[in-house]
Amino acid sequence: MLKMLGAIMILLAGTVAGWIQARRFAARPGEIRRLILSLQRLETEIGYGFIPLPEALRRIGAQNREPLKKLFTDAADAMEAPRSWTAQDSMHHALKANWSNTSMKTPEREVLYQLAFTLGTSDRTSQKSHIQSAVRALETEEAQALEEQSRYEKMSRSLGLLVGAFIVILIY
Amino acid sequence: MDAAWLSVFPETIRSLLLRLPEQLLKELEEVRIREERPLEINAGGRFYFLKADGGLTVNAREAVRTGREESHRLLDLITNHSVYTMEEELRKGFITLPGGHRMGLSGRTVLSKGRVEHIRDISGFNLRIAREVKGAADSVLPHLLDIRGKSVLHTLIVSPPQQGKTTLLRDLARAISSGSFGPAREKWPGLKVAIIDERSEIAGSRKGVPSFDVGPRTDVMDGCPKAEGIMMMIRSMSPDVIMVDEIGRPEDAVALVEALHAGVRVIATAHGKGIGSGAALSPLLAEMAGGKLFQRFVSLSRGEHGFRFRVFDGEQKPLL
């Protein structure tokens with residue numbers, strides 16, 4: 001009886017792990033898309049609105065859902081008093097603190113990390129071109145994430161169950 | 001002590017400045033930061049380098065040097081992390097900070113069609129600390145009065161940079177606008193004063209509101225090109241007196257003539273040295289000065305014992 005209960009629990013755990021993994025695959029393209037939209041919004045705020053960076057990031061944060069919301073507002077907070085960090089440090093700090101809450105992977109993080117070096121430090125034309133190149137890089141990642149989703153989402157779901165079953169068989 | 005300007009500096013530089021003697025801090029006029037070179041301060045017409053322990057020296061070799069990181073941080077702080085919102089300022093080469101202080105910049109310029117489009121790789125900073133000196137105009141004002149019109153005469157104030165032109169102009173605005181400018185025994189009412197503050201230095205406006213006391217009847221057009229601003233003010237604000245800083249372009253002259261014809265009194269300042277014989281003025285200014293536009297000229301200089309001024313009449317003959 002106890003053995004049975006253990007087996008069911010292992011099966012359940014395997015399934016849940018598979019589901020979580022599948023969800024990450026499913027969520028990643030959506031988050032990248034929202035990140036792209038946010039950066040495009042940032043481009044507009046900078047290019048046409050002359051909105052200072054902290055204010056622009058705060059606005060974009062307010063429009064977004066978690067986890068991106070916190071990423072942007074954290075960066076804006078760090079730039080303003082009392083911390084008054086540089087734009088670069090603030091962005092890097094926000095990335096470090098919030099990245100694990102997203103479903104996105106290292107390449108996307110790297111894009112934002114690189115963008116942080118130039119954000120706010122040059123004139124509008126060059127800001128726009130930096131943001132546009134970040135958007136293009138993210139679009140490539142998005143395409144790849146979609147492909148991975150279609151390939152691995154279902155698979156990881158069933159794989160979770162199968163691995164659970166496999167362990168149960170081994171134990172029995 | 002009011003030293004809000006300290007907050008524009010990165011921590012490393014701020015802590016050095018805070019270690020200065022209080023008296024010196026009060027008299028501080030400029031803080032100069034040059035990448036990879038000694039940190040310099042100017043106070044009371046003298047210059048010093050700062051040592052790492054906060055002490056003063058005139059020997060550049062003993063001085064503390066600021067690095068790339070500091071200039072990067074400083075630029076980030078003074079532009080509110082947004083250099084792109086300061087394109088106009090960067091074209092002009094300086095940024096006005098809260099409180100009317102002014103940060104001059106130098107670096108590598110980016111040209112477009114032969115004109116300066118932008119400064120990049122900014123490595124030199126010069127903070128000029130603006131100070132309100134109430135009463136700075138007291139000794140000059142009696143020479144500029146139009147007794148019959150109960151107003152002031154058209155006046156051009158000339159001096160090299162850093163001799164107190166803007167301070168004088170600001171206090172003139174305050175005195176004329178608040179009605180404390182007439183002869184001792186008479187009580188003249190304050191006049192409507194319009195300031196065209198192209199470089200946000202006279203009134204030190206933040207979001208359109210002056211940070212300095214420029215008087216109760218004073219309107220400020222902030223960040224506006226002078227020629228255009230003069231015309232706008234005449235049309236919209238019906239001023240008695242117009243004040244502009246650092247005139248010198250052909251279109252300024254046209255607008256000034258327009259103002260004179262509109263019956264508005266003008267007090268302007270210009271870069272230059274002296275008036276009359278031995279004066280060093282730009283050709284355009286010399287033409288304006290010789291054209292009987294102005295009824296009074298004031299030349300400022302600063303020596304060991306503070307400010308000195310000389311007053312000339314419209315023919316550029318010395319009155320004082």
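The values are calculated or read from the model by the stated rules, or taken from the named source; none is laboratory data. Quantities reported herein were computed from a predicted structural model and do not represent experimental measurements. Here Cβ is always computed from backbone atoms with ideal geometry, including for glycine, and neighbour counts include all displayed protein chains.
Tell me which of these A:Ser90 doesn't satisfy, since it passes every other one: (1) part of a helix (DSSP H, G or I); (2) surrounded by fewer than 19 Cβ atoms within 10 Å (Cβ to Cβ); (3) among the polar types (S, T, N, Q).
(2)
Here's the yes/no breakdown for (1) within 10 Å of chain B (Cβ to nearest Cβ); (2) among the acidic types (Asp, Glu):
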residue	(1), (2)
A:Arg58	no, no
A:Glu66	no, yes
A:Phe72	no, no
A:Asp77	no, yes
A:Gln88	yes, no
A:His92	no, no
A:Asn101	no, no
A:Met104	no, no
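Table: residues versus (1) among the small types (Gly, Ala, Ser); (2) over 25 Å from B:Gln162 (Cα atoms); (3) without any contact (Cβ under 8 Å) to a residue 12 or more places away in the chain; (4) part of a strand (DSSP E or B).
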| residue | (1), (2), (3), (4) |
| --- | --- |
| B:Met243 | no, no, no, yes |
| B:Val257 | no, yes, no, no |
| B:Met288 | no, no, no, no |
| B:Val311 | no, no, no, yes |
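Go through region A:117-149 and give me each residue that's small (Gly, Ala, Ser), part of a helix (DSSP H, G or I) and more than 12 Å from A:Arg28 (Cα to Cα).
A:Ser126, A:Ser129, A:Ser133, A:Ala134, A:Ala137
For region B:191-216, which residues satisfy the criterion of being charged (D, E, K, R) and either under 9 Å from B:Ala173 (Cα atoms) or surrounded by fewer than 24 Cβ atoms within 10 Å (Cβ to Cβ) (or both)?
Once the filter is applied, which keeps residues that are charged (D, E, K, R) and either under 9 Å from B:Ala173 (Cα atoms) or surrounded by fewer than 24 Cβ atoms within 10 Å (Cβ to Cβ) (or both), region B:191-216 yields B:Lys192, B:Glu198, B:Arg199, B:Glu201, B:Arg206, B:Lys207, B:Asp213.
With the requirement that a residue be at the interface with chain A (Cβ under 8 Å from one of its Cβ atoms) and in a helix (DSSP H, G or I), what does region B:80-90 give you?
Hits for region B:80-90 are B:Val83, B:Tyr84, B:Thr85, B:Glu87, B:Leu90.
Which of the following residues is surrounded by fewer than 19 Cβ atoms within 10 Å (Cβ to Cβ), over 30 Å from A:Val168 (Cβ atoms) and away from chain B (no Cβ under 12 Å): A:Ala62, A:Ala27?
When all the criteria are applied, what remains is A:Ala62.
Pairs under 8 Å by beta carbon, first residue within 24 Å of B:Ser82 (Cα to Cα) in region A:90-111, partner exposed (fewer than 14 other Cβ atoms within 10 Å of the Cβ), six or more apart or different chains?
Partner pairs satisfying both residue conditions: A:Ser90/A:Arg83.
Can you spot a residue in region B:240-253 that is basic (Lys, Arg) and surrounded by 22 or more Cβ atoms within 10 Å (Cβ to Cβ)?
Looking for residues that are basic (Lys, Arg) and surrounded by 22 or more Cβ atoms within 10 Å (Cβ to Cβ), one finds none in region B:240-253, hence no.
Keeping to region A:46-57, report how many residues are surrounded by fewer than 19 Cβ atoms within 10 Å (Cβ to Cβ) and part of a helix (DSSP H, G or I).
The total comes to 2.
Every residue in region B:91-112 that is assigned to a loop (DSSP other than H, G, I, E, B) and either among the hydrophobic types (A, V, I, L, M, F, W, C) or within 7 Å of another protein chain (Cβ to nearest Cβ) (or both), please.
B:Leu97 - this is the single residue of region B:91-112 that is assigned to a loop (DSSP other than H, G, I, E, B) and either among the hydrophobic types (A, V, I, L, M, F, W, C) or within 7 Å of another protein chain (Cβ to nearest Cβ) (or both).
From the list A:Met91, A:Met104, which residue is of a type outside the set (Gly, Ala, Ser) and closer than 28 Å to B:Glu69 by Cα?
So the residue among A:Met91, A:Met104 that is of a type outside the set (Gly, Ala, Ser) and closer than 28 Å to B:Glu69 by Cα is A:Met91.
Sort out which residues of region B:199-239 are in a loop (DSSP other than H, G, I, E, B), under 17 Å from B:Gly263 (Cα atoms) and touching a helix residue (DSSP H, G or I) at 6+ places or on another chain (Cβ under 9 Å), and write them in order of number.
Selection gives B:Pro239 alone.
Pairs only if they're at least six apart or on different chains, beta carbon under 9 angstrom, first in region B:83-104 and on the phi > 0 side of the Ramachandran plot and at pLDDT 80 or above, second part of a strand (DSSP E or B) and of a type in the set (A, V, I, L, M, F, W, C); list them, first residue then second.
B:Gly93/B:Leu105; B:Gly93/B:Val116; B:Gly93/B:Ile119
Condition (residue is more than 14 Å from every other protein chain (Cβ to nearest Cβ), in contact (Cβ under 8 Å) with a residue 24 or more places away in the chain, surrounded by fewer than 17 Cβ atoms within 10 Å (Cβ to Cβ) and at positive phi) applied to region B:65-79: is it met by at least one residue?
no
Looking at region B:116-155 only, could you name the residues that are assigned to a strand (DSSP E or B) and away from every other protein chain (no Cβ under 14 Å)?
Passing the criteria: B:Gly124, B:Phe125, B:Asn126, B:Leu127, B:Arg128, B:Leu145, B:Asp146, B:Ser151, B:Val152, B:Thr155.
Mind counting the residues in region A:112-133 that are within 12 Å of another protein chain (Cβ to nearest Cβ), in contact (Cβ under 8 Å) with a residue 24 or more places away in the chain and surrounded by fewer than 17 Cβ atoms within 10 Å (Cβ to Cβ)?
Adding up the residues that qualify gives 1.
Quick check on region A:11-21. Is at least one of its residues under 18 Å from A:Thr106 (Cα atoms) and modelled with pLDDT under 90?
Yes, some residue in region A:11-21 is under 18 Å from A:Thr106 (Cα atoms) and modelled with pLDDT under 90.
Kindly provide the set of residues from region B:241-260 that are among the small types (Gly, Ala, Ser) and either modelled with pLDDT of 85 or more or closer than 25 Å to B:Pro216 by Cα (or both), ordered by number.
The answer is B:Ala253, B:Ala255, B:Ala259.
Conditions (1) outside any loop (DSSP other than H, G, I, E, B); (2) modelled with pLDDT of 85 or more, marked per residue:
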residue: B:Ser15; (1), (2): yes, yes
residue: B:Lys26; (1), (2): yes, no
residue: B:Glu30; (1), (2): yes, yes
residue: B:Phe49; (1), (2): yes, yes
residue: B:Gly54; (1), (2): no, no
residue: B:Leu77; (1), (2): yes, yes
